[in-house]
Amino acid sequence: MPDSAPPQLLHLVIGGELTDLEHTTFKDLDQVEIVGVFPNYATAHAAWKAKAQQTVDNAHMRYFVVHLHRLLDPGQDTKQDTKQDTKQDAKPAR
């Protein structure tokens, strides 16, 4: 990867209907939607927000941003994305 290219910090957006509003247990795992994998938090957040707005009428629908880069390389220095991630860290859609 060239030195000038920004680091690829993969994020996954998933969602589905929850069993109740107090937990993050999906009602039916076969119905969990994988929205996509994104190269940075900003694009993942935009996708999360779009899906959340589409399902606003169903209170049990939730979408999540999963920080894949942290799972793939837990020892990775994430200082570059920490400021951005902590502002809106994996907020479920309401």
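The values are calculated or read from the model by the stated rules, or taken from the named source; none is laboratory data. This structure is a prediction, so every number in the text was calculated from the model and none was measured. For accessibility, only protein heavy atoms count, side chains too; no ligands or nucleic acids. Shrake-Rupley method; radii C 1.70, N 1.55, O 1.52, S 1.80 Å.
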Hey, Asp30 assigned to a helix (DSSP H, G or I), of a type in the set (D, E, K, R) and open to solvent by 50 Å² or more (accessible area, probe 1.4 Å) or not: yes
Counting just the residues of the stretch 1-27 that are within 22 Å of Ala59 (Cα to Cα) and part of a strand (DSSP E or B), which one comes out most open to solvent (accessible area, probe 1.4 Å)? Glu17
For Thr82, only one of the following conditions fails: (1) farther than 21 Å from Thr24 by Cα; (2) among the β-branched types (Val, Ile, Thr); (3) modelled with pLDDT of 95 or more. What is its number? (3)
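Determine whether Thr25 is among the hydroxyl-bearing types (Ser, Thr, Tyr), at pLDDT 95 or above and over 15 Å from the mean Cα position of the chain (by Cα). Even if it seems obvious, please write down each step before you answer.
On the way: among the hydroxyl-bearing types (Ser, Thr, Tyr): yes; at pLDDT 95 or above: yes; over 15 Å from the mean Cα position of the chain (by Cα): yes.
Answer is yes for this residue.
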